[in-house]
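Take a look at the structure below.
The values are calculated or read from the model by the stated rules, or taken from the named source; none is laboratory data. Since we're looking at a predicted model, the values are computed, not measured. As a convention, Cβ positions derive from the backbone with ideal geometry for all residues, glycine included, and neighbour counts pool all protein chains shown. With ligands, DNA and RNA removed, areas are computed over all heavy atoms of the protein, side chains included. Shrake-Rupley method; radii C 1.70, N 1.55, O 1.52, S 1.80 Å.
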Amino acid sequence: MSKSIETQPRSVSQTEQYDKCGWQFYLQRVERVVPRPAAWSFQGTAFHSAAEEWERSKRTKTEEEMVQLFSDQYSALVNKAMQKEPNLDRWMTAMKKPAGDDINDRYRVGQEQVRRYVQWSQENKPTFAVVQVKGETKVGLELYFKVELGGVVVRGYIDQLFPDKVRDLKTGSTKSPFQLETYKVAAEKEWGLEINSGDWYQGKKHGLTKPLDLSEVTEEQVAARYVKMDQGVKAGVFEAKPGFHCQFCDVSHACSSFRG
(Lines give C-alpha, C1' and ligand atoms only; values in the text may rest on other atoms or scores of the structure.)
Protein backbone atom coordinates (compact mmCIF):
# COMPACT_ATOMS: atom_id res chain seq x y z
CA MET A 1 0.00 0.00 0.00
CA SER A 2 1.16 3.52 -0.76
CA LYS A 3 2.70 5.08 2.32
CA SER A 4 1.11 8.42 1.42
CA ILE A 5 -2.39 7.15 2.14
CA GLU A 6 -1.24 5.90 5.53
CA THR A 7 0.31 9.17 6.60
CA GLN A 8 -1.68 11.89 4.85
CA PRO A 9 -4.17 14.03 6.80
CA ARG A 10 -7.76 12.82 6.93
CA SER A 11 -10.88 14.66 5.81
CA VAL A 12 -14.66 14.44 5.98
CA SER A 13 -14.87 13.10 2.43
CA GLN A 14 -12.22 10.44 3.05
CA THR A 15 -13.89 9.26 6.23
CA GLU A 16 -17.42 9.17 4.83
CA GLN A 17 -16.23 7.36 1.73
CA TYR A 18 -14.35 4.78 3.81
CA ASP A 19 -17.38 4.20 6.03
CA LYS A 20 -19.72 3.85 3.04
CA CYS A 21 -17.44 1.45 1.16
CA GLY A 22 -13.85 0.73 2.05
CA TRP A 23 -13.24 -0.80 -1.38
CA GLN A 24 -14.30 2.37 -3.16
CA PHE A 25 -11.83 4.21 -0.94
CA TYR A 26 -9.12 1.72 -1.87
CA LEU A 27 -9.76 1.84 -5.61
CA GLN A 28 -9.85 5.63 -5.74
CA ARG A 29 -7.22 6.61 -3.19
CA VAL A 30 -4.78 3.69 -3.15
CA GLU A 31 -5.04 2.14 -6.62
CA ARG A 32 -5.68 5.60 -8.11
CA VAL A 33 -8.38 4.35 -10.48
CA VAL A 34 -9.45 7.25 -12.70
CA PRO A 35 -13.01 8.12 -11.65
CA ARG A 36 -15.80 8.62 -14.16
CA PRO A 37 -16.77 12.28 -14.54
CA ALA A 38 -20.12 13.63 -13.33
CA ALA A 39 -21.61 16.99 -14.22
CA TRP A 40 -23.10 17.33 -10.72
CA SER A 41 -19.58 17.67 -9.32
CA PHE A 42 -18.75 20.52 -11.69
CA GLN A 43 -22.05 22.21 -10.89
CA GLY A 44 -21.23 22.15 -7.19
CA THR A 45 -17.70 23.47 -7.66
CA ALA A 46 -18.77 26.33 -9.89
CA PHE A 47 -21.67 27.26 -7.59
CA HIS A 48 -19.32 27.42 -4.60
CA SER A 49 -16.94 29.68 -6.51
CA ALA A 50 -19.73 32.08 -7.48
CA ALA A 51 -21.19 32.22 -3.96
CA GLU A 52 -17.76 32.79 -2.43
CA GLU A 53 -16.86 35.54 -4.91
CA TRP A 54 -20.20 37.24 -4.34
CA GLU A 55 -19.69 37.35 -0.59
CA ARG A 56 -16.00 38.36 -0.82
CA SER A 57 -16.99 41.28 -3.01
CA LYS A 58 -19.18 42.40 -0.09
CA ARG A 59 -22.13 41.93 -2.42
CA THR A 60 -20.99 44.74 -4.71
CA LYS A 61 -20.77 42.70 -7.90
CA THR A 62 -23.81 42.11 -10.04
CA GLU A 63 -26.00 39.07 -10.32
CA GLU A 64 -25.02 38.74 -13.97
CA GLU A 65 -21.32 38.75 -13.09
CA MET A 66 -21.84 35.88 -10.68
CA VAL A 67 -23.86 33.91 -13.22
CA GLN A 68 -21.11 34.47 -15.77
CA LEU A 69 -18.48 33.29 -13.29
CA PHE A 70 -20.47 30.10 -12.75
CA SER A 71 -20.97 29.61 -16.47
CA ASP A 72 -17.30 30.07 -17.29
CA GLN A 73 -16.03 27.75 -14.58
CA TYR A 74 -18.65 25.08 -15.20
CA SER A 75 -17.90 25.08 -18.92
CA ALA A 76 -14.15 24.92 -18.31
CA LEU A 77 -14.52 21.97 -15.95
CA VAL A 78 -16.84 20.10 -18.32
CA ASN A 79 -14.55 20.72 -21.29
CA LYS A 80 -11.50 19.54 -19.38
CA ALA A 81 -13.32 16.37 -18.32
CA MET A 82 -14.50 15.74 -21.88
CA GLN A 83 -10.91 15.89 -23.10
CA LYS A 84 -10.05 13.12 -20.65
CA GLU A 85 -13.25 11.13 -21.21
CA PRO A 86 -14.90 12.02 -24.54
CA ASN A 87 -17.22 9.00 -24.40
CA LEU A 88 -20.30 10.48 -22.74
CA ASP A 89 -21.72 6.99 -22.22
CA ARG A 90 -19.13 6.56 -19.49
CA TRP A 91 -20.18 9.70 -17.63
CA MET A 92 -22.25 9.42 -14.47
CA THR A 93 -25.74 10.90 -14.45
CA ALA A 94 -28.78 10.81 -12.22
CA MET A 95 -31.96 8.98 -13.24
CA LYS A 96 -30.10 7.42 -16.20
CA LYS A 97 -30.39 10.68 -18.12
CA PRO A 98 -28.17 10.96 -21.22
CA ALA A 99 -24.96 12.71 -20.21
CA GLY A 100 -25.31 15.42 -22.84
CA ASP A 101 -28.74 16.35 -21.53
CA ASP A 102 -27.48 16.22 -17.93
CA ILE A 103 -24.57 18.56 -18.72
CA ASN A 104 -26.86 21.08 -20.40
CA ASP A 105 -29.54 20.86 -17.71
CA ARG A 106 -27.06 21.41 -14.88
CA TYR A 107 -25.65 24.42 -16.70
CA ARG A 108 -29.09 26.05 -16.69
CA VAL A 109 -30.00 24.87 -13.18
CA GLY A 110 -26.67 26.07 -11.81
CA GLN A 111 -27.14 29.50 -13.31
CA GLU A 112 -30.55 29.78 -11.67
CA GLN A 113 -29.16 28.57 -8.34
CA VAL A 114 -26.53 31.31 -8.45
CA ARG A 115 -29.17 33.94 -9.23
CA ARG A 116 -31.31 32.77 -6.36
CA TYR A 117 -28.36 32.65 -3.95
CA VAL A 118 -27.44 36.25 -4.78
CA GLN A 119 -31.04 37.32 -4.23
CA TRP A 120 -31.27 35.38 -0.98
CA SER A 121 -28.00 36.85 0.27
CA GLN A 122 -29.09 40.38 -0.58
CA GLU A 123 -32.26 39.86 1.42
CA ASN A 124 -30.74 38.08 4.43
CA LYS A 125 -27.28 39.71 4.57
CA PRO A 126 -25.42 36.96 6.47
CA THR A 127 -22.66 38.32 8.71
CA PHE A 128 -19.59 36.08 8.75
CA ALA A 129 -17.07 35.61 11.51
CA VAL A 130 -13.71 37.37 11.27
CA VAL A 131 -10.75 35.33 12.52
CA GLN A 132 -6.97 35.43 12.61
CA VAL A 133 -5.06 32.99 10.44
CA LYS A 134 -1.29 33.15 10.93
CA GLY A 135 -1.55 36.78 11.91
CA GLU A 136 -3.77 37.68 8.97
CA THR A 137 -7.40 38.73 9.31
CA LYS A 138 -9.72 36.42 7.39
CA VAL A 139 -13.46 36.50 6.73
CA GLY A 140 -15.29 33.21 7.39
CA LEU A 141 -15.50 32.09 3.77
CA GLU A 142 -13.86 28.87 2.55
CA LEU A 143 -11.64 28.84 5.61
CA TYR A 144 -8.91 26.21 5.62
CA PHE A 145 -8.36 24.30 8.85
CA LYS A 146 -5.91 21.66 9.99
CA VAL A 147 -6.42 20.21 13.46
CA GLU A 148 -5.45 17.13 15.41
CA LEU A 149 -8.33 14.98 16.66
CA GLY A 150 -7.52 11.93 18.74
CA GLY A 151 -3.98 11.96 17.37
CA VAL A 152 -5.21 12.10 13.75
CA VAL A 153 -4.54 15.17 11.61
CA VAL A 154 -7.76 16.36 9.97
CA ARG A 155 -8.01 19.09 7.38
CA GLY A 156 -10.64 20.73 5.22
CA TYR A 157 -12.45 23.93 4.33
CA ILE A 158 -15.41 25.49 6.12
CA ASP A 159 -17.78 26.95 3.53
CA GLN A 160 -19.16 29.66 5.77
CA LEU A 161 -18.29 30.43 9.39
CA PHE A 162 -20.30 32.64 11.72
CA PRO A 163 -19.53 33.68 15.31
CA ASP A 164 -21.71 30.87 16.71
CA LYS A 165 -22.59 28.58 13.81
CA VAL A 166 -21.27 26.90 10.66
CA ARG A 167 -22.83 26.50 7.21
CA ASP A 168 -22.27 24.18 4.27
CA LEU A 169 -23.43 25.04 0.75
CA LYS A 170 -25.12 22.35 -1.33
CA THR A 171 -26.46 22.34 -4.88
CA GLY A 172 -28.26 19.03 -4.27
CA SER A 173 -30.13 17.48 -1.38
CA THR A 174 -27.40 15.41 0.29
CA LYS A 175 -26.54 16.67 3.78
CA SER A 176 -23.75 15.50 6.08
CA PRO A 177 -24.18 16.10 9.83
CA PHE A 178 -20.64 14.73 10.29
CA GLN A 179 -19.32 17.53 8.11
CA LEU A 180 -20.97 20.19 10.26
CA GLU A 181 -19.79 18.41 13.40
CA THR A 182 -16.24 18.49 12.08
CA TYR A 183 -16.61 22.16 11.18
CA LYS A 184 -17.77 22.91 14.73
CA VAL A 185 -14.86 21.16 16.41
CA ALA A 186 -12.33 22.64 13.98
CA ALA A 187 -13.64 26.19 14.44
CA GLU A 188 -13.52 25.87 18.20
CA LYS A 189 -9.99 24.47 18.20
CA GLU A 190 -8.59 26.82 15.56
CA TRP A 191 -10.23 30.09 16.50
CA GLY A 192 -11.70 29.67 19.98
CA LEU A 193 -15.29 30.19 18.89
CA GLU A 194 -18.30 28.59 20.56
CA ILE A 195 -20.29 26.89 17.82
CA ASN A 196 -23.76 25.77 18.87
CA SER A 197 -25.48 25.08 15.57
CA GLY A 198 -25.03 24.46 11.88
CA ASP A 199 -27.16 24.46 8.75
CA TRP A 200 -27.08 24.01 5.00
CA TYR A 201 -27.87 26.42 2.25
CA GLN A 202 -29.51 24.24 -0.39
CA GLY A 203 -29.36 25.59 -3.91
CA LYS A 204 -32.01 23.08 -4.92
CA LYS A 205 -34.50 24.74 -2.55
CA HIS A 206 -33.02 28.25 -2.63
CA GLY A 207 -32.76 28.60 1.12
CA LEU A 208 -31.63 27.30 4.47
CA THR A 209 -32.47 24.04 6.19
CA LYS A 210 -33.57 23.92 9.78
CA PRO A 211 -30.61 24.42 12.13
CA LEU A 212 -28.79 21.36 13.42
CA ASP A 213 -28.10 21.52 17.15
CA LEU A 214 -24.35 21.06 17.66
CA SER A 215 -24.17 22.25 21.25
CA GLU A 216 -23.75 18.75 22.66
CA VAL A 217 -21.26 17.51 20.05
CA THR A 218 -17.86 16.88 21.61
CA GLU A 219 -14.37 16.72 20.17
CA GLU A 220 -14.07 13.17 21.48
CA GLN A 221 -17.16 12.04 19.55
CA VAL A 222 -15.93 13.47 16.27
CA ALA A 223 -12.37 12.27 16.85
CA ALA A 224 -13.52 8.69 17.44
CA ARG A 225 -14.78 8.37 13.89
CA TYR A 226 -11.54 9.67 12.41
CA VAL A 227 -9.48 7.40 14.64
CA LYS A 228 -11.47 4.33 13.60
CA MET A 229 -11.10 5.17 9.92
CA ASP A 230 -7.41 5.96 10.27
CA GLN A 231 -6.72 2.70 12.05
CA GLY A 232 -8.62 0.74 9.41
CA VAL A 233 -6.64 2.31 6.57
CA LYS A 234 -3.32 1.70 8.27
CA ALA A 235 -4.32 -1.91 8.94
CA GLY A 236 -5.19 -2.41 5.28
CA VAL A 237 -8.87 -3.11 5.96
CA PHE A 238 -10.94 -2.09 2.91
CA GLU A 239 -14.32 -3.80 3.11
CA ALA A 240 -16.54 -3.75 0.04
CA LYS A 241 -20.13 -2.80 0.90
CA PRO A 242 -22.16 -3.24 -2.28
CA GLY A 243 -25.64 -1.74 -2.35
CA PHE A 244 -27.79 0.99 -3.87
CA HIS A 245 -24.96 3.51 -3.61
CA CYS A 246 -22.99 1.51 -6.20
CA GLN A 247 -25.06 3.29 -8.86
CA PHE A 248 -23.35 6.54 -7.88
CA CYS A 249 -19.84 5.15 -7.48
CA ASP A 250 -17.36 6.80 -9.83
CA VAL A 251 -14.92 3.87 -9.75
CA SER A 252 -17.49 1.08 -10.13
CA HIS A 253 -16.04 0.22 -13.54
CA ALA A 254 -12.99 -1.19 -11.72
CA CYS A 255 -14.93 -3.00 -9.00
CA SER A 256 -15.71 -6.73 -9.01
CA SER A 257 -18.42 -6.22 -6.36
CA PHE A 258 -20.35 -3.61 -8.38
CA ARG A 259 -24.13 -3.89 -8.30
CA GLY A 260 -25.66 -1.95 -11.14
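Between the stretch 1-79 and the stretch 135-191, how many Å separate their Cα centres?
16
Any chance you could count the Lys pairs in the stretch 50-154 whose alpha carbons are under 27 Å apart, treating pairs 8 or more apart or on different chains as valid?
Total qualifying Lys-Lys pairs in the stretch 50-154 comes to 13.
Got the relative contact order for the stretch 1-146 handy, in percent, Cα pairs under 8 Å and 6 or more residues apart?
Across the stretch 1-146, relative contact order equals 23 percent.
Tell me, what is the percent relative contact order of the stretch 80-198, built from C-alpha pairs under 8 Å that lie six or more residues apart?
16
Name the shape class, rounded, prolate or oblate, that the alpha-carbon gyration tensor gives for the stretch 44-153, where a ≥ b ≥ c are the square roots of its eigenvalues, rounded holds for a/c under 1.5, and otherwise prolate holds if a/b is larger than b/c and oblate otherwise.
It is oblate, given that a/c is not under 1.5 and a/b is not larger than b/c.
Give the span of the stretch 102-251's Cα atoms along each principal axis, as three whole-Å numbers ordered largest to smallest.
Extents along the principal axes: 48, 44, 28 Å.
Mind running the shape call on the stretch 88-174? Use the C-alpha gyration tensor, a ≥ b ≥ c as the square roots of the eigenvalues: rounded below 1.5 for a/c, prolate if a/b tops b/c, oblate otherwise.
Oblate.
Which length gain, in nm to one decimal place, applies between Lys146 and Val237 when the Cα-Cα distance is subtracted from 0.36 nm times their residue separation?
30.2 nm
Where does each of Tyr201, Tyr157 land when they are ordered by accessible area, with a 1.4 Å probe and the largest first?
Tyr157, Tyr201
How far apart, in nm, are the 7 Å Cα→Cβ label points at Lys20 and Asn104?
2.9
Could you work out how far the C-alpha centroid of the stretch 195-214 sits from that of the stretch 227-260, in angstrom?
29
Can you pull the percent of the chain's accessible area that's carbon plus sulfur, 1.4 Å probe, other chains left in place?
Of all accessible area on the chain, carbon and sulfur atoms account for 49 percent.
With a 10 Å radius around each residue's Cβ, average the other Cβ atoms per peptide and rank 231-237, 247-253, 61-67, highest first.
Highest to lowest by the protection proxy: 247-253, 61-67, 231-237.
How do Tyr74, Tyr107, Tyr18 rank by accessible surface area computed with a 1.4 Å probe, from largest to smallest?
Final ranking, largest accessible area leading: Tyr107, Tyr18, Tyr74.
According to a simple spin-label model (label point 7 Å from Cα along Cα-to-Cβ), what is the distance in nm between Ala224 and Gln8?
2.8
Take the Cα gyration tensor of the chain, multiply each eigenvalue by 5, square-root it, and list the three semi-axes largest first, rounded to whole angstrom.
Sorted largest first and rounded, they come to 29, 27, 15 Å.
Per residue, how large is the accessible surface of the stretch 65-130? Use a 1.4 angstrom probe and give square angstrom.
Normalised by residue count, the accessible surface of the stretch 65-130 is 59 Å².
Going from most exposed to least, what order do Val33, Val222 have by accessible area with a 1.4 Å probe?
From most accessible down to least: Val33, Val222.
Grab the Cα-Cα distance for Glu63 and Gln132, subtract it from 0.36 nm times how many residues apart they are, and report the gain in nm with one decimal.
Extra length available between Glu63 and Gln132 comes to 21.8 nm.
With unit charges on the beta carbon (Lys/Arg positive, Asp/Glu negative), name the residue among Val152, Ala99, Ser71 whose Cα is farthest towards the positive pole of the charge dipole of the chain.
Farthest towards the positive pole: Ala99.
At 7 Å along Cα-to-Cβ for each site, give me the label-to-label distance between Trp120 and His253 in nm.
Simple spin-label model gives 3.4 nm for this pair.
With the contact rule set at Cα under 8 Å and sequence spacing of 6 or more, what percent relative contact order holds for the chain?
23
If a/c stays under 1.5 just call it rounded; otherwise compare a/b with b/c (prolate if a/b is bigger, oblate if not). Do that for the stretch 1-103, with a ≥ b ≥ c from the square roots of the Cα gyration tensor eigenvalues.
oblate
Have a look at Ser173, Ala254, Pro211 and report the one farthest towards the positive end of the charge dipole of the chain, computed about the Cα centre with Cβ charges (Lys/Arg +1, Asp/Glu -1).
The residue sitting farthest along the positive end of the dipole is Ala254.
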